[in-house]
Amino acid sequence: MVAVPKQVAGNSMLGNSSIWGDVKCNSYLLFHGETALGNGLRAFLYFLGLAYCFIGLSAITARFFRSMENIVKHSRTVVEVDPHTNTEIIKQEKVWNYATADITLLAFGTSFPQISLATIDAIRNIGNLYAGGLGPGTLLGSAAFDLFPIHAVCVVVPKAGELKKISDIGVWLVELFWSFWAYAWLYIILEVWTPKVVTIWEALLTVLMYGLLLIHAYAQDKRWPYISLPLTRGERPEDWVPAEVASVSCEDDVYGGYTEILAVEEDKNEEIVDILSFHSEKREHSIYQKVPAAEDSVESSNRPFQKEINLEDLPVLQLWKKQFVDALTLESPESRKLNNAHLRVARILWQSLLAPWRLLFAFVPPYQIAHGWIAFICSLLFISGIAYIVTELTDIISCVTGINAYVIAFTALAAGTSWPDLVASKIAAERQLTADSAIANITCSNSVNIYVGIGIPWLINTAYNFITYGEPLRIENAEGLGFSLMVFFSTSVGCISVLVVRRLILGAELGGPRFWAWVTSVFFMLLWLIFVVLSSLRVSGVI
């Protein structure tokens with residue numbers, strides 16, 4: 001006879017105490033002595049730690065995005081023979097095409113915090129007949145955050161009057177279809193096909209649909225007959241992002257055949273994502289910057305000079321060393337030029353707060369190595385580590401405060417783990433000449449959240465339960481998730497309709513007259529608030 005595990009309905013996820021009550025939560029993060037503190041103080045400290053983890057996710061996103069850019073710009077040499085002259089034609093061809101890069105590297109990478117959190121939650125709940133609550137709640141809340149607040153940011157990023165539209169509308173429609181189908185499929189699983197139960201076959205089909213998305217998008221990008229939509233493709237720049245200048249300042253302190261670098265082509269504090277001004281708009285489209293050498297200058301030889309340096313040719317150890325130097329530098333040359341002493345002090349204090357993250361992420365190898373793949377993988381590993389800490393903190397916060405875990409997942413976790421999505425789309429909207437990647441990251445991330453972020457954790461749990469107990473996986477509060485899905489569908493129709501109207505009237509999805517850009521942004525934020533409020537009230541049993 002097979003022993004059936006105790007059917008835990010996820011009460012551990014809902015919290016067993018109240019921040020205002022006398023019941024103590026016995027869970028702790030680092031030391032058992034934490035339980036001696038009051039619930040209010042503990043909740044404050046844990047929320048503070050959660051916010052600090054989200055800052056860490058923001059910091060590692062900068063390195064992740066840089067490594068991804070290096071991967072996408074990689075090209076290979078292709079030799080073709082002219083059939084008329086029989087001469088060889090050598091040309092450079094991009095290894096990654098736009099559609100594949102957007103769906104895999106960009107969408108999967110920026111969704112990795114949610115995927116890691118859901119997978120960790122599934123592994124911790126393995127053996128239980130009921131799935132954990134953090135994964136589905138966070139991923140559904142993340143979908144709403146991706147669709148509404150990120151669109152709200154991207155629509156106002158372009159300069160006043162500047163329009164950025166989707167160049168390949170066919171690929172976007174394919175991505176949009178699979179994004180909406182992902183949540184329709186989730187609703188079918190939870191409410192229609194096998195209500196409140198997930199079988200191993202449903203979980204397996206969910207994961208396989210990600211492969212179908214890749215194939216369909218690639219077919220549309222290549223315009224395969226009978227599969228792709230007969231829509232023309234607009235012009236898109238050859239490079240995934242415009243090239244940036246390598247502004248290199250060198251001190252007259254030479255070692256190992258190279259002068260010491262004071263600034264590279266990326267921002268001084270590249271580890272930290274500044275959502276307001278991550279990239280300078282004044283950079284030229286060149287990888288070099290020429291300035292007179294010291295011997296040609298009339299200034300003193302003791303003054304710093306600048307010279308032309310190709311950063312790709314510098315030794316790896318020197319580039320890596322600079323990452324640690326930057327991590328320990330609390331005041332950049334730009335901040336020294338500030339006339340406001342209070343602002344300088346504030347920036348130094350902020351850099352001191354970020355210093356532990358910057359020093360930790362300095363161990364990520366420079367993205368110039370192996371076309372950025374090593375830095376890309378290491379960035380994902382660091383994201384997984386932070387996601388694990390976030391999962392532990394959320395459990396304790398739910399225990400201490402008594403707040404429903406789904407409510408925390410819909411709000412704090414969804415917003416915090418979606419920060420890389422926000423940063424990536426915002427950077428793409430700034431630097432790319434079209435809106436393809438900025439909007440594709442939103443729609444594709446939502447697809448990845450379901451097909452991979454929910455599919456893989458459910459596959460792990462259902463496979464274990466099927467093999468060990470012969471039982472499916474039960475979903476607690478499936479009705480609440482189903483209600484949230486319906487709210488999401490309703491509000492998302494409003495969001496997509498506004499984008500279509502902007503395309504028809506203004507000619508582009510992003511940018512345009514400043515007034516209408518801000519009106520659109522505010523409308524998207526209102527849609528997000530409607531989703532969060534209604535979903536939180538439903539899972540809490542208020543409505």
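Going residue by residue through region 133-145, is there one that turns out to be more than 21 Å from Met68 (Cβ to Cβ), modelled with pLDDT under 80 and in a loop (DSSP other than H, G, I, E, B)?
Within region 133-145 (the criterion being more than 21 Å from Met68 (Cβ to Cβ), modelled with pLDDT under 80 and in a loop (DSSP other than H, G, I, E, B)), the answer is yes, since at least one residue qualifies.
Could you check how many residues of region 15-38 are among the charged types (D, E, K, R), open to solvent by less than 100 Å² (accessible area, probe 1.4 Å) and at pLDDT below 80?
Looking only at that region, the number is 1.
Got a number for residues in region 494-530 being over 18 Å from Leu176 (Cβ atoms) and either of a type in the set (A, V, I, L, M, F, W, C) or touching a Cys at 6+ places or on another chain (Cβ under 6 Å) (or both)?
The total comes to 14.
Here are the criteria: (1) under 23 Å from the mean Cα position of the chain (by Cα); (2) more than 30 Å from Glu476 (Cβ to Cβ); (3) among the small types (Gly, Ala, Ser). Tell me which single one Gly211 does not satisfy.
Looking at each condition in turn, Gly211 falls short on (2).
Would you say Pro365 is outside any helix (DSSP H, G or I), at pLDDT 85 or above and not charged (D, E, K, R)?
Yes.
Determine if region 513-526 includes at least one residue that is in contact with a helix residue (DSSP H, G or I) (Cβ under 9 Å, 6 or more places away or on another chain), in a helix (DSSP H, G or I) and of a type in the set (Val, Ile, Thr).
Yes, region 513-526 contains at least one residue that is in contact with a helix residue (DSSP H, G or I) (Cβ under 9 Å, 6 or more places away or on another chain), in a helix (DSSP H, G or I) and of a type in the set (Val, Ile, Thr).
Name the residue, out of Ala122, Ala99, Ala107, that is open to solvent by less than 30 Å² (accessible area, probe 1.4 Å), modelled with pLDDT of 80 or more and out of contact with any strand residue (DSSP E or B) (no Cβ under 9 Å at 6 or more places or on another chain).
Of the residues listed, the single one that is open to solvent by less than 30 Å² (accessible area, probe 1.4 Å), modelled with pLDDT of 80 or more and out of contact with any strand residue (DSSP E or B) (no Cβ under 9 Å at 6 or more places or on another chain) is Ala122.
For region 485-495, what are the residues that are in contact (Cβ under 8 Å) with a residue 24 or more places away in the chain and under 19 Å from Ile450 (Cα atoms)?
Correct list: Leu485, Met486, Val487, Phe488, Phe489, Thr491, Ser492.
Hey, can you tell me all the residues within region 355-381 that are under 17 Å from Ser111 (Cα atoms), surrounded by fewer than 22 Cβ atoms within 10 Å (Cβ to Cβ) and not β-branched (Val, Ile, Thr)?
Answer for region 355-381, where residues must be under 17 Å from Ser111 (Cα atoms), surrounded by fewer than 22 Cβ atoms within 10 Å (Cβ to Cβ) and not β-branched (Val, Ile, Thr): Cys378, Leu380, Leu381.
For region 383-414, give me the residue count where each residue is within 30 Å of Ser75 (Cα to Cα) and surrounded by 22 or more Cβ atoms within 10 Å (Cβ to Cβ).
Within region 383-414, residues that are within 30 Å of Ser75 (Cα to Cα) and surrounded by 22 or more Cβ atoms within 10 Å (Cβ to Cβ) number 1.
Residue pairs, Cβ under 8 Å, 6 or more apart or interchain, first in region 419-436 and under 15 Å from Glu509 (Cβ atoms), second among the basic types (Lys, Arg) and surrounded by fewer than 24 Cβ atoms within 10 Å (Cβ to Cβ). List them.
Sorted first by the residue in region 419-436, then by its partner, the pairs are Leu433/Arg236; Thr434/Lys165; Thr434/Arg236; Ala435/Lys165; Asp436/Arg236.
Testing Val78 on (1) over 27 Å from the mean Cα position of the chain (by Cα); (2) modelled with pLDDT of 80 or more, one condition comes back false. Which one is that?
(2) is the only condition that Val78 fails.
Which condition number in (1) open to solvent by less than 10 Å² (accessible area, probe 1.4 Å); (2) in contact with an Asp or Glu (Cβ under 7 Å, 6 or more places away or on another chain) is the one that Gln114 fails?
(2)
Considering only region 342-390, state which residues are touching a Pro at 6+ places or on another chain (Cβ under 6 Å) and under 13 Å from Gly56 (Cα atoms).
Ile383, Ala387
Would you confirm, using the coordinates I've provided, whether Phe305 is touching an Asp or Glu at 6+ places or on another chain (Cβ under 9 Å), modelled with pLDDT under 85 and hydrophobic (A, V, I, L, M, F, W, C)?
Yes: the conditions hold for Phe305.
Looking at the structure I just gave you, is Leu381 of a type in the set (A, V, I, L, M), within 15 Å of the chain's Cα centre (by Cα), at pLDDT 80 or above and farther than 19 Å from Ser142 by Cβ?
Yes: the conditions hold for Leu381.
Name, by its number, the condition in (1) without any contact (Cβ under 8 Å) to a residue 60 or more places away in the chain; (2) within 29 Å of Ala440 (Cβ to Cβ) that does not hold for Leu499.
For Leu499, the exception is condition (1).
Restricting to region 206-228, give me the number of residues that are farther than 20 Å from Ile454 by Cα and crowded, with 19+ Cβ neighbours inside 10 Å.
Matching residues across region 206-228 total 4.
Can Asn86 be described as surrounded by 22 or more Cβ atoms within 10 Å (Cβ to Cβ), out of contact with any Leu (no Cβ under 7 Å at 6 or more places or on another chain) and modelled with pLDDT of 75 or more?
no
Could you tell me whether any residue of region 432-439 is open to solvent by 10 Å² or more (accessible area, probe 1.4 Å) and either touching a helix residue (DSSP H, G or I) at 6+ places or on another chain (Cβ under 7 Å) or farther than 23 Å from Asp168 by Cα (or both)?
Yes, region 432-439 contains at least one residue that is open to solvent by 10 Å² or more (accessible area, probe 1.4 Å) and either touching a helix residue (DSSP H, G or I) at 6+ places or on another chain (Cβ under 7 Å) or farther than 23 Å from Asp168 by Cα (or both).
How many residues does region 157-200 contain that are in a loop (DSSP other than H, G, I, E, B) and open to solvent by 20 Å² or more (accessible area, probe 1.4 Å)?
Result for region 157-200: 10.
Could you tell me which residue of region 40-50 is farthest from the chain's Cα centre (by Cα), considering only residues that are in contact (Cβ under 8 Å) with a residue 12 or more places away in the chain and open to solvent by 10 Å² or more (accessible area, probe 1.4 Å)?
Gly40
The values are calculated or read from the model by the stated rules, or taken from the named source; none is laboratory data. Values in this document were obtained by computation on a predicted structure and should not be read as measured data. Please note: Cβ atoms are built from the backbone with ideal geometry, for glycine as well, and neighbour counts cover all protein chains shown. Remember, those area values only see protein heavy atoms, side chains included, never the ligands or the DNA or RNA. Shrake-Rupley method; radii C 1.70, N 1.55, O 1.52, S 1.80 Å.
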